1. Distance between Cα centroids, the range 1-69 to the range 137-157: provide it in whole Å.
2. In whole Hz, what ³J(HN,Hα) sequence does the range 214-221 give by Karplus (6.51, -1.76, 1.60; θ = phi - 60°), x for Gly and Pro?
3. With each pseudo-label sitting 7 Å past Cα toward Cβ, what's the Glu280-Ser162 distance in nm, one decimal?
4. So how far apart, in nm, are the two label points at Ser206 and Asp340 if each is 7 Å from Cα heading toward Cβ?
5. Once you sort the root eigenvalues of the Cα gyration tensor of the range 135-207 as a ≥ b ≥ c, which label holds: rounded (a/c under 1.5), prolate (a/b larger than b/c) or oblate (the other case)?
6. Averaged over all directions, how much area does the convex hull of the C-alpha atoms of the range 200-239 cover when projected, in nm²?
7. What angle do you read, to the nearest 10 degrees and between 0 and 90, between the alpha-carbon axis of helix 227-248 and the longest principal axis of the chain?
8. Hull surface divided by four, with the convex hull built on the Cα atoms of the chain: how many nm²?
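Every read-out reported here was derived from the displayed coordinates using simple, explicitly stated rules and does not represent laboratory data. Computed from a prediction, not measured in an experiment: that's the story for all the values here. Counting neighbours? That spans all protein chains shown, and the Cβs are built from the backbone with ideal geometry, glycine included.
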Amino acid sequence: MPLRASQIKSPEYVGREVTIRGWVYRLRKQKENAFVIVRDDRGGVVQCIFSADKVAGLTIESSIEVTGVVIQDARAPEGGYEIKGKSIKVYNIAGIDYPIGEYQSDELLLDKRHLALRTRKMVAMAKIRATVLDLSRRWFVENGWMEVTAPTIVKGAVEGGSTLFKLKYFDEEAYLSQSAQLYLEAMIFALGPVWSLTPSFRAEKSRTVRHLAEFSHLEAEAPWVMLEDILLVQEQLVSHVIQSAIKERAEELAYLKRDTADLKKVEPPFERLPYDKAIEMLRSKGFAITEEDGSKREIRVGDDLNIDSERELTKDASKPIFVIGYPIAVKPFYVKEDPDHRGVGQAADMLAPAGFGEITSGGLREDDIVSMTERIKKEGLDPAAYDWYLDLRKYGSVPHGGFGLGIERLMRWITNADDIKDTVLFPRTMSRVTP
Ligand code: ATP
Ligand code: MG
């Protein structure tokens, strides 16, 4: 049975003959000997030493199977173990023009992403991501939430029409889903607390380091909750995922040079910062926002928060902050108005510390059919397009709420990635739909 490179690096294999499979990661030929670093199919690497004649014609990224004896040598790269090769079987000699070397531009790495995902950085990212998804799923299961799947081809907008991807659906027009929320809302009446992990699609027209056109959306919805219940779920989930991920993926995070000291502090409770107070804080610092025409003015109550104001609010924080009570005017039609404060929405965003910005949005949903119909009309939407959604308020409406978390936003914070594109293997943005 062939083993992985990472498996044989243990005293129990020293002196034993093993077989490993993988790809030529580095190749150094001397007069008599050749040093071949082999990368296995989980990113582990080990050096194999051959007499030079055995590896004639071998190229970077050729796929091979090596049989040899494990030896321990403190000088060996990658952990003090290496393989004294006996035989080598070649599956495929890779073309000599393999485009990924030690240094190249970010653009080239994106153009050649199908190959670049073999780099150790991308493998580390993929492993952390798999762990984050696994931990999230287990947290929901262990806490009594039921996993569901909502459709991704839909008729109605959730987050506003400007970022909708239109598609031809047989003889009608449909859209790619921006969020599963409306469907999760329908499900809670039958299934109680539910959650889903589905792709969401948004035609984001601005180039930023935190927007993708397709992202992994983790969403949860529950009946009979208050805003505080929804906040508790989020802070527990996020803290659990981070605390476990930094332990389970310490090696990968170290490879990415992520200092995890600040992540270790991420434990409930997270600060609850009322929106009005957030604006006051920004005003006291003279924070200005840029209008559409390019002019600047001081931020004021009623304005939405953007990446710059979010950064200002969280730059010195070591834990996420919930901003609560946004004006309903800057939030979608389904956000429930605070019955005690007109114009204030029972909505909260979780802002990651150190300027990473919004990672979740959530709150209570409007459960009254009259108010909701009004809000839909006020936003210039057609209530007829939401008839099934309005039924939920007609037949047994209950107070309910939930939230949505962007997995790549969470990943960017955990890995300290410069750009959200680094956190996904095949990113989709306005300017990139291949490979
Ligand atoms: P933002 O204001 O940051 O653009 P949003 O308020 O439009 O985000 P929501 O509709 O609240 O986003 O979506 C819920 C969550 O989904 C966000 O908190 C974020 O984590 C994630 N998200 C939203 N849009 C994107 C995107 N284009 N790319 C990656 N993640 C996203
Ligand atoms: Mg939001």
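1. Answer, in whole Å: 43.
2. Coupling constants for the range 214-221: 9, 9, 8, 10, 9, 10, 9, 8 Hz.
3. Result for the modelled spin labels: 3.0 nm.
4. Output for this residue pair reads 3.4 nm.
5. Prolate.
6. 4.1
7. 10
8. Average of the hull's projected areas for the chain equals 25.9 nm².
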